[in-house]
Every structure is written in C-alpha cells, then in structure tokens.
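The structure under discussion appears below in the form of structure tokens.
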Amino acid sequence: MGEGKRPLRPWWPWFRRLADDIERLARGRSEQAATRARLAQAGALIVERLPDPLIVLGADRGVRQANGAARAAFGEDIAAVLRHPTLRAAIDRAYAERATQSVAFSLPVPVQREVRASVVHLLQELPDGGAAIVVLADRSREQAVERMRADFVANASHELRTPLASLIGFIDTLRGPAADDPAAQARFLGIMAEQAARMNRLIDDLLRLSRIEVDEHLPPTSRVDLRALLLRLAAAFEVRLAERGMRLELALPETLPEIPGDHDQIVQVGQNLLDNALKYGRDGGIVRLAAQATGAPGRPGVAIVVEDDGPGIPRDHLPRLTERFYRVDKGRSRAAGGTGLGLAIVKHVVNRHRGQLTIESEEGHFARFTVWLPAGEPAASDGDKK
C-alpha cells in the first residue's frame with residue numbers, strides 16, 4: 001500500500017453488515033408481497049366458490065370481481081343490475097353510512113325478475129382493493145310459484161265452472177227424466193265425455209303454463225337440432241291435416257344452426273302454432289311451416305314461421321292474443337277444443353328462450369306467426385336442472 005493512503009479493510013465489515021441488512025429487508029418485503037398475493041388469491045377463490053351471486057366493488061364503486069354464481073344468474077345483465085336506481089341508491093347509502101343496506105327491486109328485461117340485494121360495506125379493504133360486497137338473491141322462482149298457485153286456483157275455478165255445471169246438469173237429467181230413455185242417455189253421455197275431455201285439456205294446459213312460468217327467468221342451457229325437430233312435428237300433423245283436406249307446405253333449408261333451448265318446450269311452441277293453423281285455417285287450405293337463419297350482426301338466430309290462409313284475425317285483437325283465455329271467437333274456439341292458453345304458452349316459452357314472437361294477419365287472407373330464437377352459445381346457468 002502506497003504512502004499517504006488509508007487502508008480500506010476496516011470498512012469492509014460495515015459494508016457487509018449493510019449489504020446483509022438490505023438483503024434481509026428485500027427478502028422480507030418479497031415475502032410480504034408473496035403473502036399478500038396469496039391472501040388476494042385465496043380471497044378471490046373464496047368469493048368465486050361462494051354459492052350465492054356476489055359482486056365485489058372497489059373504493060371507486062367499480063366492479064373488482066363477480067363470482068361464478070353471479071355470472072351464471074345474471075350473465076351480461078350484471079352491469080344493468082348495478083345501474084338499477086334502487087340498487088344504486090343502496091350502494092350510495094352503504095358507502096356514505098358505512099353500514100349494510102338491503103333492498104328489493106324488479107328487472108323487467110329480458111324477462112321479469114325479482115331480486116333482493118344486500119350491500120355490505122367493509123371496514124377494511126380486501127387485498128384486491130375491494131371496499132364493498134353486493135350479495136344478490138334471485139327471488140323470481142319463489143314469487144313465480146306464489147303467483148302460479150294463486151293464478152291456478154283463480155283460472156281453474158273460473159274456466160272449470162261452465163263444463164262442471166254442464167256435467168252436473170246432465171247427471172241430474174240422466175238420474176231423472178232420462179233414466180229410461182236410451183237415446184237421450186247416449187246423447188248426453190257423449191256431451192259429458194266432451195266436457196270432461198275439455199276440463200282435462202284445460203288442467204293440462206294450466207299446469208304446463210305454470211311450470212313454464214316458474215322457470216321463465218332461467219334461460220335453457222342444452223342445445224336443440226331445430227331442423228330435425230320441425231320435420232318430426234310436420235310428420236306428426238299429417239293425419240290431422242288430411243282429415244281437413246289441408247296441405248302442409250314445408251320450407252326448411254338443408255341446414256339450420258343448433259340453438260340453445262329446451263327441446264320439449266320448443267316442441268310445444270310448434271305444436272301450439274300448427275294446432276292453431278289447423279283449427280282456424282280454412283278447409284282444403286294450405287298451412288306453411290318455414291324456418292331460416294336470420295338475425296342482426298352479432299346476434300344470430302333462427303326464425304320459425306307458421307302461416308295459414310284462413311279468415312285471418314281482426315287487427316284490434318292482435319295485441320291481446322297471448323293473454324290467458326283470450327279468444328277472438330269464443331264459440332269457435334271451444335268447439336274446436338281450444339283452451340285459450342295455447343298462445344300464452346308460446347309467449348312464455350319464447351320469453352324464456354330470450355326470443356321474440358310476432359303476429360301478423362290480414363282479414364280474409366292469412367294469419368302468420370313468427371318465432372325468432374337466438375342461436376348463440378347457451379347461457380351458463382342451471383336453467384335446465386330440475
């Protein structure tokens with residue numbers, strides 16, 4: 001070492017201790033960051049696996065996370081749910097008062113849904129920045145069941161009154177004045193059988209409609225081969241059409257996209273529309289069943305058309321055709337065996353499939369029913385799990 005230079009060796013232990021301290025500090029911070037990351041991941045996983053629909057909001061009230069149950073129940077409608085004025089007001093109160101708020105509200109589209117929400121403001125932010133939790137409960141099914149019970153009793157008691165009174169009257173006649181009149185007995189028994197069959201059809205349709213309404217808020221998740229379904233429907237109606245001297249014109253492309261849907265319910269739609277065309281079309285007329293892929297860009301779908309060349313429907317009746325028990329010609333409808341529920345069933349099935357029903361008619365010329373069904377990917381829900 002040259003003269004006049006101070007040795008550096010005494011400083012080395014100090015540098016070594018400083019380097020060790022810095023290394024320990026960095027290692028500690030790295031471990032803390034890893035711990036925070038693990039906690040954030042664990043918290044996100046817990047939220048994701050919770051069975052109830054749950055949305056995590058940040059301090060800016062933006063969505064930090066929506067769990068699987070929320071995505072399954074509301075899908076793309078989550079943003080619309082959070083924008084609902086009632087829920088938005090509850091979120092504002094929860095943030096302002098730092099207290100839990102509970103509200104109930106209705107979502108009118110795409111189908112009527114009844115939702116109950118609890119907004120829980122957290123005392124301490126979650127590792128991912130979550131400041132509040134919105135817990136959603138879809139009460140549509142429960143309320144639909146309650147409405148179904150009330151409607152079933154009201155409708156059944158109203159619509160069954162007439163055929164039941166007829167049956168009681170005929171029974172009294174058979175036990176009295178017609179007790180020894182075989183011709184009258186045969187005639188009355190035939191009428192009684194018709195009235196009993198009418199009551200049976202009415203109850204079946206009421207039960208079918210009630211079941212559809214209960215699950216209307218849940219879109220189906222299975223897929224349906226629509227072309228094969230329509231071909232089977234057409235074959236099933238051949239005999240009945242021949243009895244009226246009517247001809248069925250089929251206009252189906254070689255291929256149709258599969259659609260997300262409930263097979264049995266779509267069969268019911270086709271049966272009800274073809275049944276209407278058969279009942280109200282003219283003798284010797286033509287019934288047309290057509291389908292084609294159609295839809296707006298980004299929203300593909302399939303349009304099913306059932307048309308008859310009968311007397312048509314007066315324009316002022318068109319808006320009310322899908323109401324329960326609404327009949328344009330009550331006498332003809334009952335004579336043809338109609339219950340007044342066919343188009344109501346069609347409307348609710350189409351609603352469940354997030355589709356659209358269009359009715360067009362020109363008096364004296366035709367009646368045309370068009371059902372448009374989306375052909376996108378099936379919704380991620382439990383709609384078909386009974």
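The values are calculated or read from the model by the stated rules, or taken from the named source; none is laboratory data. Keep in mind it's a predicted model, so treat the numbers as computed, not measured. Cβ coordinates were reconstructed from backbone atoms using ideal geometry, including for glycine residues, and neighbour counts include every protein chain displayed. Protein only, heavy atoms only, side chains kept; ligands, DNA and RNA dropped before computing areas. Shrake-Rupley method; radii C 1.70, N 1.55, O 1.52, S 1.80 Å.
At what distance in angstrom do the alpha carbon centres of segment 46-103 and segment 245-300 lie from each other? Measuring centre to centre over Cα atoms gives 41 Å. Take the Cα of Leu123, go 7 Å toward its beta carbon, and the backbone nitrogen atoms of segment 83-103 under 15 Å from that spot belong to 98-100. Couplings for segment 170-180, taken from phi via the Karplus curve 6.51 cos²θ - 1.76 cosθ + 1.60 with θ = phi - 60°, read 5, 4, 4, 5, 5, 7, x, x, 9, 4, 10 Hz in order; Gly and Pro are left as x.
Here is the P(r) of segment 160-302: all C-alpha pair distances, binned every 5 Å from 0, give 2, 8, 12, 13, 13, 14, 12, 9, 7, 5, 3, 2, 1, 0, 0 in whole percents.
Filter the trypsin sites (Lys or Arg not before Pro) in segment 253-310 to those in DSSP coil with at most 14 other Cβ atoms within 10 Å of their Cβ, and list the result.
Answer in residue order: Arg282.
For the pair Leu25 and Ala80, label points projected 7 Å from Cα toward Cβ lie 5.5 nm apart. Glu254 contributes an accessible area of around 150 Å² to the protein surface, as traced by a 1.4 Å probe with all chains present. Model label sites at Glu254 and His365, defined 7 Å from Cα along the beta-carbon direction, differ in position by 3.4 nm. Summarising the amide proton neighbourhood of Val224: residues at separation of 5 or more, or on other chains, whose placed amide H is nearer than 5 Å comprise Ile259, Gly261.
Listed peptides 204-217, 351-364, 232-245, 170-183 appear in the order 204-217, 351-364, 232-245, 170-183 once ranked by packing, highest mean of other Cβ atoms within 10 Å at the front.
I want to check the label-to-label distance for Ala96 and Ala235. Put each point 7 Å from Cα in the C-beta direction and report it in nm to one decimal. Once both label points are built, they end up 6.6 nm from each other.
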